[in-house]
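**Student:** Next up is a structure, given as structure tokens.
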């Protein structure tokens, strides 16, 4: 399993901060590796104190659940109790935050980390994440799960 | 109280992995004893990082609640807050995950452990668990509880 | 970063169980990937209920600290308070158990996981782990840290 | 209360990473504000998975305890139990890690944040932190506490 490098993480974070400034928002951005461990985190001046941790939990979720928060959110809505208990699993280091602004980092078909953005509206966090990853050549397509309520990858994934 | 042996657990896990491969899925499978303690866990290559813990929590739930997840799920739907608090009881070692792919292991009328499967769709997890336990001669019938929301077993259980 | 496969994990666990039986001990054995997530766990019949979790925490420690427990133990002895607090870090999913029977899995100079053994004496757990990994061609040499009390790899590590 | 800006934090982190590379070490560096909240964290390629969290806990400690880890360490040695309980206070967000590589960021007599470095030897972590802060014009003098074991600041602090 490959992992996002610090150089790649910094490039993503800088692009995300630039994009956020263009729309007048102060955001925190976190990038973690494929096991959910921190590679880099940055809080823009003016972003709220807990936003770096929210961004990190979003990045962690996208990395270890191997799907973007917007896909996980549908699963969460169909099984809220199950989902809230995921965060209490012995192997879970961080709350599983299935929401906007949480995107899996994928290159050449391989999951190499997670990106989390917090501080804008839900839509802004999501748009920034998607635009930045697309502009840097990362892949944004993920195999759908068979049915809502269950995280099984379809096909060869 | 009898408990599932390691040999029996391995036999169950191998059959479950074989069944999952036949439908093209990479799953994690866990078997716990009647007290909810791990006997064996295996994650197929390609299954997500937290699936072994999800499978384990499903196995734990089926063992210590002494009913399959599909029966518990109905209870959970009628009392979601109560249910989410079960996991915080001092004696609860693990989140109580009442869902598909969580089946109590019963032989000769005695509960000897729990089986958890994660990584397929909800239906796939359930079908694999049921088929494997049936094919190996375990019993899949459990006495219903008297009323939803209350776990008092009816009948001789 | 490569990760130990399920096939390789099973091979390690079987060899460890065989070795333990030869000395008349019932042990639990866990193998985790390089991010500390479970690949496989097995408890021999007769091993105590919490041994699979102890084995797992030992495997987790060896994987994410990237050094065997016997090396970490020296660090822990020089800084007990610091070490006990490591387990409370936001990114730590599991207690950091720096002790015997906790060995980093390394192949071709790369860290691909962790092995944990629990249920024998400290020495037995350690000997089994070392013998099994050596017999299967894994590397048991790790660069020393500069000084006790600090985990810095020396040289190019 | 003033706080270290993102620009200042990045400048510190870059200088620390440069200094670490000169001695051949891969370190993680964290900067937090005066309330202990993350401003920026970076893990160099090759630094162990938990080092960003260790660096952050060191930075947190130096910020909220308002003294460098090397001063706190003496207090900790005289009262280890008390100190380990500090981390469990309701207001403590993070383990209090009193050790080398944990330095309070102070400018114009005011505490504006904390710097944490992890991944080198204890001495290396400390030297890098001190050199970087000195070279960037931060103040490294802190009033001693009245007595060991009691954190009452002496003098005007």
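The values are calculated or read from the model by the stated rules, or taken from the named source; none is laboratory data. All values derive from a computational prediction rather than experimental measurement. Heads up, the Cβs are rebuilt from the backbone with ideal geometry, glycines too, and the neighbour counts pull from every protein chain shown.
**Student:** Can you pull out every residue in the stretch C:32-46 that is surrounded by 17 or more Cβ atoms within 10 Å (Cβ to Cβ) and either part of a strand (DSSP E or B) or out of contact with any helix residue (DSSP H, G or I) (no Cβ under 9 Å at 6 or more places or on another chain) (or both)?
**Tutor:** The answer is C:32, C:33, C:38, C:39, C:40, C:41, C:42, C:43.
**Student:** Still on this model: Identify the single condition in (1) free of Cβ contacts under 8 Å to residues at least 60 places away in the same chain; (2) surrounded by fewer than 19 Cβ atoms within 10 Å (Cβ to Cβ) that residue B:103 does not satisfy, given that it satisfies every other one.
**Tutor:** Only one criterion is unmet by residue B:103, namely (2).
**Student:** Same structure again: Determine whether the stretch A:62-75 contains at least one residue that is modelled with pLDDT under 95, in contact with a helix residue (DSSP H, G or I) (Cβ under 9 Å, 6 or more places away or on another chain) and either surrounded by fewer than 23 Cβ atoms within 10 Å (Cβ to Cβ) or part of a loop (DSSP other than H, G, I, E, B) (or both).
**Tutor:** Yes.
**Student:** Across the stretch C:60-75, which residue is farthest from the other protein chains (Cβ to nearest Cβ) among those that are closer than 18 Å to residue C:109 by Cα and touching a strand residue (DSSP E or B) at 6+ places or on another chain (Cβ under 7 Å)? Steps first, answer last, please.
**Tutor:** The initial filter retains those residues of the stretch C:60-75 that are closer than 18 Å to residue C:109 by Cα, namely C:62-68, C:71.
So of that shortlist, the ones also touching a strand residue (DSSP E or B) at 6+ places or on another chain (Cβ under 7 Å) come out as C:62-63, C:66-68.
Values: C:62: 12, C:63: 8, C:66: 5, C:67: 9, C:68: 14 Å.
Of everything passing the filter in the stretch C:60-75, C:68 is farthest from the other protein chains (Cβ to nearest Cβ).
**Student:** Okay, moving on. Looking at residue C:100, is it assigned to a helix (DSSP H, G or I), modelled with pLDDT of 95 or more and out of contact with any strand residue (DSSP E or B) (no Cβ under 8 Å at 6 or more places or on another chain)?
**Tutor:** Considered against the rule, which asks whether it is assigned to a helix (DSSP H, G or I), modelled with pLDDT of 95 or more and out of contact with any strand residue (DSSP E or B) (no Cβ under 8 Å at 6 or more places or on another chain), residue C:100 comes out as no.
**Student:** Before we move on, is residue D:43 within 14 Å of chain C (Cβ to nearest Cβ) and closer than 22 Å to residue A:27 by Cβ? Walk me through it before giving the result.
**Tutor:** On the way: within 14 Å of chain C (Cβ to nearest Cβ): yes; closer than 22 Å to residue A:27 by Cβ: yes.
Criteria met by residue D:43.
**Student:** Right, something else. Is it fair to say residue B:90 is at pLDDT below 95 and more than 12 Å from chain A (Cβ to nearest Cβ)?
**Tutor:** So residue B:90 fits the description; yes.
**Student:** With the requirement that a residue be part of a strand (DSSP E or B) and under 17 Å from residue C:44 (Cβ atoms), what does the stretch C:103-123 give you?
**Tutor:** C:115, C:116, C:117, C:118
**Student:** Moving to a separate point now. Just name the residue that is farthest from residue C:2 (Cα to Cα) out of those in the stretch A:47-56 that are within 12 Å of chain C (Cβ to nearest Cβ) and crowded, with 24+ Cβ neighbours inside 10 Å.
**Tutor:** The qualifying residue farthest from residue C:2 (Cα to Cα) is A:52.
**Student:** Can we say residue A:109 is out of contact with any strand residue (DSSP E or B) (no Cβ under 9 Å at 6 or more places or on another chain), within 26 Å of residue B:53 (Cα to Cα), surrounded by fewer than 20 Cβ atoms within 10 Å (Cβ to Cβ) and modelled with pLDDT of 90 or more?
**Tutor:** When the stated conditions are applied, residue A:109 passes them.
**Student:** Determine which single condition residue A:104 fails, assuming it passes every other condition in (1) touching a helix residue (DSSP H, G or I) at 6+ places or on another chain (Cβ under 7 Å); (2) under 26 Å from residue D:27 (Cβ atoms); (3) away from chain C (no Cβ under 14 Å).
**Tutor:** Of (1) touching a helix residue (DSSP H, G or I) at 6+ places or on another chain (Cβ under 7 Å); (2) under 26 Å from residue D:27 (Cβ atoms); (3) away from chain C (no Cβ under 14 Å), only one is false for residue A:104: (2).
**Student:** Now for a different question. If I go through the stretch C:8-31 residue by residue, how many of them are in contact with a helix residue (DSSP H, G or I) (Cβ under 6 Å, 6 or more places away or on another chain) and facing another protein chain (nearest Cβ under 9 Å)?
**Tutor:** Final tally of qualifying residues: 2.
**Student:** Considering (1) closer than 21 Å to residue D:13 by Cβ; (2) touching a residue at least 24 places away in the same chain (Cβ under 8 Å), say which one residue D:96 fails and leave the rest.
**Tutor:** Of the numbered conditions (1) closer than 21 Å to residue D:13 by Cβ; (2) touching a residue at least 24 places away in the same chain (Cβ under 8 Å), the odd one out for residue D:96 is (1).
**Student:** Just one of (1) in contact (Cβ under 8 Å) with a residue 60 or more places away in the chain; (2) out of contact with any helix residue (DSSP H, G or I) (no Cβ under 8 Å at 6 or more places or on another chain); (3) within 10 Å of another protein chain (Cβ to nearest Cβ) trips up residue D:118, so point out which.
**Tutor:** With respect to (1) in contact (Cβ under 8 Å) with a residue 60 or more places away in the chain; (2) out of contact with any helix residue (DSSP H, G or I) (no Cβ under 8 Å at 6 or more places or on another chain); (3) within 10 Å of another protein chain (Cβ to nearest Cβ), residue D:118 is out only on (2).
**Student:** State whether the residues of the stretch B:76-92 include one that is surrounded by fewer than 20 Cβ atoms within 10 Å (Cβ to Cβ), part of a loop (DSSP other than H, G, I, E, B) and touching a strand residue (DSSP E or B) at 6+ places or on another chain (Cβ under 6 Å).
**Tutor:** There is no residue in the stretch B:76-92 that is surrounded by fewer than 20 Cβ atoms within 10 Å (Cβ to Cβ), part of a loop (DSSP other than H, G, I, E, B) and touching a strand residue (DSSP E or B) at 6+ places or on another chain (Cβ under 6 Å).
**Student:** Within the stretch D:124-146, is even one residue within 13 Å of another protein chain (Cβ to nearest Cβ), crowded, with 21+ Cβ neighbours inside 10 Å and modelled with pLDDT under 95?
**Tutor:** Scanning the stretch D:124-146 turns up no residue that is within 13 Å of another protein chain (Cβ to nearest Cβ), crowded, with 21+ Cβ neighbours inside 10 Å and modelled with pLDDT under 95.
**Student:** Please go through the stretch D:4-31 and pick out each residue that is in a loop (DSSP other than H, G, I, E, B) and crowded, with 21+ Cβ neighbours inside 10 Å.
**Tutor:** Just the residues of the stretch D:4-31 that are in a loop (DSSP other than H, G, I, E, B), to begin with: D:4-5, D:23-27.
The answer is D:4, D:25, D:26, D:27.
**Student:** Okay, moving on. For the structure I just gave you, tell me whether residue D:126 is touching a helix residue (DSSP H, G or I) at 6+ places or on another chain (Cβ under 8 Å) and in a helix (DSSP H, G or I).
**Tutor:** Yes, satisfied.
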